[in-house]
Structure formats: structure tokens, C-alpha cells
Amino acid sequence: MPLFKVQREALAAIARNRHPGSHVAGGTVINADGFRFSKDIDIFHDLSNDDDRFYRLKATVEMDAKSLSDAGFEVEWKAEHPELYRAVIRKDGETTLLEWVIDSDFRFFEAVRDDVFGYTLHMFDLATNKVLAAASRKEPRDVVDLLHIHRHHFPIAAAIWAAPAKDPGYSPESLIEALKRNAVYRQDDFDRLMSDKAIDAREVSMALKVIFHQAENFVASMPSGYDGLLFLENGAVVQPDPSRLEDYETVAARRQAHWPGSPEIASDMISSKPKT
């Protein structure tokens, strides 16, 4: 797993503080079974509709800071705003960045329990977020992450199809065009990324062209009435066959998302609510 020692120890210190409403997301989670290292750890909080969201975020940050301090970390604050906290943490000569942010609870799945992170955003929500990020900015790490998801989890076309449910400013077609426009990188762009294996710009470019072409064909063949949906087959995320869409289970994004059938998760959510 591509985690720096300082990141692994930091996560061990704060994992017990995570719950379905306070979970780890971003590239660190996407690459838990990959090869790219991330410079930071992102902790998202589903407090967008909570009147006490600023207080609750601050309380969570303070709890994590104490856990880190108790574990021997030095915590240096870089930003302390009501909806964003950022800190550089240090231990044994290593550093990493932690960010705590308030995030929307509009997504496809509820957070999932994880032994290393505590709780994480579901991989499909990570994928749709990454698709939207890669369409809106030029960061070589984004396409590396998209390739990893496509090769090891599910076709990126499935995320491209569903992502406009989170950002109606996009359609699947416009997402593909934006992704193609931004996904032009030189070898030196990838050389600056931290990874445990070399990233070949030519290989990435060729793979992306195939993936985007496949996504264009898929989107063009989809009938109306299924916009923004995720498709499941035997519980797994898939790129559906447009000729037999009735054979799949569909999932729409929504607030509070779709709860896994787990009494442990229900218990964690109850315990995470503020006491009155």
C-alpha cells in the first residue's frame, strides 16, 4: 500500500475517530491498492445541512489533533477556517499534510468501514469525484488515478455516465470532452509524481485514448431516462449493456446516500450525533 510511514502512523492514531459522517477520501484512498503516493490526507465531513456544522467540524479537528499529539506528532496549523482546517504533521523527521473539510452528503453510497482509514468514501463516489476533478483542472495525478480505477475496479465510463448527477453543469458528453482536453501530459509531468513504479507518458496517453473512445461509444448508445444512474450487477459496479438495462439494479445519488445493511454502521452514526 503506497502510504508514507508518517501517513500510516497518523491514520493509525486517528482511525478510531472516523465514522460514516467523518471519513477519508481523495487520492490516498484510491491508491490504497495502487502505486501512487499522495502528499496529503483528506478528511471529509458530511455536515453541509447541519446547523451546528462549524462547531462539530471544530470538535472533530480538536479530537484528531489530540490523538495525533498523544501519538507523538507535532501539529503545525496552516489554516483554521470554519469549513476548512489544514495542518502539517511531523514525526521522526517525516511530514505530511492533513485537511479537514465540510463536504456535501449528496452521493451514491454511504461511507464504508476500513481497517486502515477507519471509514472511507465508497470507491464509486471517489471515482465520480475524480472524474469531475480531472475535467475541471490539469493535474497529472488525476489521470493516473482514473487509470488505476479503470484497471482495478470498474470501467471509468460508468463513473462518467453517473457523475453529472453530482454536477448538473456537465453532461457525459461534455465530461468526456473536458477530460480529453485536460489529459495531455508530458513525461516530466509524471516524473514529478511520487510512485513506487515508473509512469510512462506514452502508455498513459494510449490507454486514455482507448478509454475515452469506449466511453464515447457507450454514452452514445445509452437511451434517455437513465441519466446520472449507477448500474449494479450482482452487487458490483458495472458499465451496463445498453440493450438490456432492465437486467441491472440502478442506484441514484441522493443525500445521505444508500446505507449498507450493517448494524455496525448504524451504531456508529448514532454514536456520532451530538448529545442533547
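The values are calculated or read from the model by the stated rules, or taken from the named source; none is laboratory data. If you're wondering where the values come from, they're calculated on a predicted model, not measured in any experiment. When we count neighbours, we look across all protein chains shown, and the Cβ atoms used for this are built from the backbone with ideal geometry, even at glycine.
Is it the case that the range 90-99 has a residue that's more than 30 Å from Ala198 (Cβ to Cβ), hydroxyl-bearing (Ser, Thr, Tyr) and outside the structural domain of Arg202 (by TED's automatic domain parsing)? Steps first, please.
Residues of the range 90-99 more than 30 Å from Ala198 (Cβ to Cβ): none.
Checked the range 90-99: no residue is more than 30 Å from Ala198 (Cβ to Cβ), hydroxyl-bearing (Ser, Thr, Tyr) and outside the structural domain of Arg202 (by TED's automatic domain parsing).
Of all the listed residues (Asp64, Asp70), the sole one being of a type in the set (D, E, K, R), modelled with pLDDT of 95 or more and crowded, with 16+ Cβ neighbours inside 10 Å is Asp64. Checked against (1) surrounded by fewer than 18 Cβ atoms within 10 Å (Cβ to Cβ); (2) within 30 Å of Arg202 (Cβ to Cβ); (3) not assigned by TED's automatic domain parsing to the domain that holds Asp189, Ser136 passes all but condition (3). The condition (being aliphatic (A, V, I, L, M), touching a residue at least 60 places away in the same chain (Cβ under 8 Å) and closer than 19 Å to Thr95 by Cα) is satisfied by just one residue among Ile14, Ile30, Ile43: Ile14. Residues that are in a helix (DSSP H, G or I) and in contact (Cβ under 8 Å) with a residue 12 or more places away in the chain within the range 175-198 comprise Leu175, Ile176, Ala178, Leu179, Lys180, Asn182, Gln187, Asp189, Phe190, listed in sequence order.
Number of residues in the range 73-86 that are modelled with pLDDT under 95 and more than 16 Å from Asp103 (Cβ to Cβ) equals 0.
Listed here are the residues, each with its yes/no results for (1) touching a Lys or Arg at 6+ places or on another chain (Cβ under 6 Å); (2) more than 29 Å from Ala134 (Cβ to Cβ); (3) part of a helix (DSSP H, G or I).
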{"site": "Glu9", "(1), (2), (3)": "no, yes, yes"}
{"site": "Asp42", "(1), (2), (3)": "no, no, no"}
{"site": "Arg56", "(1), (2), (3)": "no, yes, yes"}
{"site": "Ser67", "(1), (2), (3)": "no, yes, yes"}
{"site": "Glu76", "(1), (2), (3)": "no, yes, no"}
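Residues checked against (1) in the same structural domain as Phe106 (by TED's automatic domain parsing); (2) buried (at least 16 other Cβ atoms within 10 Å of the Cβ); (3) in a strand (DSSP E or B):
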{"site": "Ala215", "(1), (2), (3)": "no, yes, no"}
{"site": "Val237", "(1), (2), (3)": "no, yes, yes"}
{"site": "Ser243", "(1), (2), (3)": "no, no, no"}
{"site": "Glu246", "(1), (2), (3)": "no, no, no"}
{"site": "Val251", "(1), (2), (3)": "no, yes, yes"}
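Scanning the range 1-49 for residues that are within 13 Å of the chain's Cα centre (by Cα) and of a type in the set (Lys, Arg) yields nothing. Which of the residues that make up the range 151-171 are surrounded by fewer than 22 Cβ atoms within 10 Å (Cβ to Cβ) and not aromatic (Phe, Trp, Tyr)? Matches in the range 151-171: Arg151, His152, His153, Pro155, Pro164, Ala165, Lys166, Asp167, Pro168, Gly169, Ser171. Residue-level check: of (1) at pLDDT below 95; (2) over 22 Å from Arg254 (Cα atoms), Ser224 misses just (2).
Counting only residues that are part of a strand (DSSP E or B) and small (Gly, Ala, Ser), the range 84-130 holds 2 of them.
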